[in-house]
Amino acid sequence: MKNIGLFFAFILTAAFVYIFGYNNPIIAINFGDYHYNLDLFVYALFAFLFGISVGALLMLRGFFDASDNYKKLKRQYEKTSIGADDSDLKVKTLENKINTLEEALKKALEK
């Protein structure tokens, strides 16, 4: 199911290359005094690659945010698990002290 998006992206990319590669009109681009004549395919390919680059950079930002959140949650989990271990140790220590006091009380009452 997760590969369906990849499959559709591949099909759309192949259609893009076929359509703009088959129809090859010229487009004029002017930047001030500079004049360029580019094929429509090259122009569209630049726009396509620019869009992919911007999308990748936006996803990279989200990846780093998710990574930071994961590290924070991991540290919080480690702190709580250490606290739980300490609590268990304290409970066992108190139970041992209670047992010792009960034994001492029994011995004191027997005398």
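Side notes on the structure shown:
- Sulfur and carbon atoms: percent of accessible area, the chain [1.4 Å]: 67 percent
- Net dipole in debye of the chain [+1 Lys, Arg Cβ; -1 Asp, Glu Cβ; about Cα centre; nearest 20]: 540 debye
- Its DSSP H runs of at least 4 residues, each contributing -39,500 (n - 2.57), put the calculated 222 nm mean residue ellipticity of the chain at -30500 deg cm²/dmol, to the nearest 500.
- Cross-link partners of Lys71 among lysines, defined as those whose alpha carbon lies under 16 angstrom from its own and excluding same-chain residues fewer than eight positions apart: Lys79.
- Extreme residue, positive dipole direction of the chain, given options Ser67, Asn23, Gly5 (C-beta unit charges): Ser67
- Surface calculation, 1.4 Å probe, protein heavy atoms: Ser67 sits at approximately 40 Å² accessible.
- Looking at the chain, the accessible area is 93 square angstrom per residue; that uses a 1.4 Å probe and ignores ligands, DNA and RNA.
- Cα gyration tensor, region 1-76 - rounded (a/c under 1.5), prolate or oblate: oblate
- Excluding same-chain neighbours fewer than eight residues apart, the lysines reachable from Lys107 by a Cα-Cα span under 17 Å are Lys97.
The values are calculated or read from the model by the stated rules, or taken from the named source; none is laboratory data. Predicted model, so just to flag it, every value in this text is computed and none were measured. Methodologically, a virtual Cβ is constructed for each residue, glycine included, from the backbone with ideal geometry; neighbour enumeration extends over all protein chains shown. Just the protein is used for accessible areas: all its heavy atoms, side chains included, with ligands, DNA and RNA removed. Shrake-Rupley method; radii C 1.70, N 1.55, O 1.52, S 1.80 Å.
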